[in-house]
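Down below is the structure, laid out as C-alpha cells.
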C-alpha cells in the first residue's frame, strides 16, 4: 500500500476515475437534497406519523435486497458503463415524481418514487462498485475506494445541510428538481468513461450471455461459501447491521422528537444537524483510511483494526443516546462514524481484493443485499419498538448491538477459525483451498 497515490494525485493522473468520481459527487449531492426533502415532506403531510416515516425508509431499502443479486449478474455479464447511464436517466423520472405529492392521500407516490430510486440506484451502485478496481488498478484501489466513499459522505454532510436549508426557505419542490438535474450530470460523466476501462476481460473473454441467471447467482453463492474470509465479512456485516440498520429512523426520531423543541430549532434543522455530524465523521474516517492502510502491513493488523473499529463505533453511537444536548449528540455520532468510515474503506477494499473480477459483481451485491435486507427488517422492528421505547433508549440499544459485530469478527480470526490469504495479488486473493482456511 505504500506505493499508492495520494487522493490528489489519483484525481489528477487518472482522468477516467476522475470522471466517474465527479459524476458520483454531483448525484450524491442531489440524493441528499432528495432524502432530507422526502423525509420532511411525508412528515408534513402525515402530521409526523412514525409509521409513515418508517414505511418511506423501508421503501428505500427493500428493493435493493431483491434486485441487488440480479444487478450483480447484469454487471458481471454486460456493459457496466451502459448500466450506469441507463440507471441515471431513469432516476431523473423517479426524482421528479415527488413533485406530485401534495396531500396525505398522495403519500403512496412518495413510497413508489422511493422504490424506483432504490431499484435504479441498485444497478448503478453495482456497476460503479465493480468498475472502480479496474479503473484505479491494484496500487490505487484503497485510495480510490476511500475517495469514492469519503466524497459520498462529504456530500451527505453538505447535501443534507443544503437540503435542510432549501426545504426550509425555498420549499421541497426545489430539492427534488435539483436531484433530477444531478442525475443528468452523472450520466454525462459516466458516458465519458470508455467501456474497456470498466472491466478486465476482453470482449471475447466475457461471460456467456446465454447462461441462465440462476446459474450465475449460484456460482456467486458457491464462491462465498467456499471462501471463509469472504463469508465472514458478509456475516459480520449482517450482525453489525442489526444495530445500525435503523440509523435513519433513529436520527429522524431523535432529532425531531428529542432535540428540536429543547434546542429551539425546527425539526428539519435538528434532523439535519445529526445527519451532518454523521456525514462529517464518515468523511473524515474515509479520508484517514489511506493513511491507516499504509500501516496495516500484516493481515493480523487488518483483522484487529476492523474488529476494534466496529466496537468503538458502537460504543460512541450508544453514547449519543444519553447526551443532554443536540451538540453533544452530534459530536458522539460524528466520532462513531469516524471509526466506521475508516473500517468500511479497509473492509470494502479487502472484499474487492478477495473477489475475482468475473465474480466481483455477484459477490459484492449478495453482500450488500444481505446488509440491506437486515437494515430494512430492523428498521421495521425499531419503528414498532418505539411504541414502548424512547428514541434515546433505541439509540443506546442500537449502538451496543452494532458493536458486538466487532467482537464476533475478532473471535473468529484471532482464534484462527478463519484466516486471510497470505498474499493479495492483482486485485484478488490468491485462491486458497477452502479446506485450509481454518488451518
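When both residues are 6+ apart or on different chains and their Cβ atoms are under 8 Å apart, which pairs have a first residue that lies in region 54-76 and is at negative phi and in contact (Cβ under 8 Å) with a residue 12 or more places away in the chain, and a second that is surrounded by fewer than 24 Cβ atoms within 10 Å (Cβ to Cβ) and not in a helix (DSSP H, G or I)?
76/207
Which of the numbered conditions does residue 327 fail, given that it passes all the others? Conditions: (1) over 17 Å from the mean Cα position of the chain (by Cα); (2) closer than 22 Å to residue 158 by Cβ; (3) surrounded by 19 or more Cβ atoms within 10 Å (Cβ to Cβ).
If we test residue 327 against (1) over 17 Å from the mean Cα position of the chain (by Cα); (2) closer than 22 Å to residue 158 by Cβ; (3) surrounded by 19 or more Cβ atoms within 10 Å (Cβ to Cβ), just (3) comes out false.
Hey, can you tell me all the residues within region 1-33 that are at pLDDT below 75 and farther than 18 Å from residue 88 by Cα?
1, 2, 3, 4, 5, 6, 7
So which helices (runs of 4 or more DSSP H) stay within region 1-98 end to end and still have 3 or more residues that are surrounded by 24 or more Cβ atoms within 10 Å (Cβ to Cβ)? It would help to see each step written out before you state the result.
On the way: elements: 7-13, 15-45, 50-77, 80-97.
Fully inside region 1-98 and qualifying: 15-45, 50-77, 80-97.
Can you name the number of the only condition in (1) outside any helix (DSSP H, G or I); (2) at pLDDT below 85 that residue 388 fails?
The one condition residue 388 does not meet is (2).
Only one of these is modelled with pLDDT of 85 or more, surrounded by 15 or more Cβ atoms within 10 Å (Cβ to Cβ) and under 26 Å from residue 397 (Cβ atoms): 224, 250. Name it. Give the steps one after another, and end with the answer.
Values: 224 fails: under 26 Å from residue 397 (Cβ atoms).
Just a single option satisfies the conditions, and that option is 250.
Pull out all pairs, ordered by first then second residue, where Cβ-Cβ is under 9 Å, the residues are six or more apart or on different chains, the first lies in region 94-107 and is at positive phi, and the second is surrounded by 13 or more Cβ atoms within 10 Å (Cβ to Cβ).
That search, which allows pairs on different chains as well, returns nothing.
Mind checking which helices (runs of 4 or more DSSP H) fall wholly inside region 214-265 and carry at least 3 residues that are under 22 Å from residue 311 (Cβ atoms) and over 16 Å from the mean Cα position of the chain (by Cα)?
Once the helices (runs of 4 or more DSSP H) in region 214-265 are filtered for at least 3 residues that are under 22 Å from residue 311 (Cβ atoms) and over 16 Å from the mean Cα position of the chain (by Cα), what remains is 228-244.
The values are calculated or read from the model by the stated rules, or taken from the named source; none is laboratory data. This one's a predicted model, so the numbers in the text were calculated from it and none came from an experiment. No Cβ is skipped: glycine too gets one built from the backbone with ideal geometry, and neighbour counts run over all protein chains shown.
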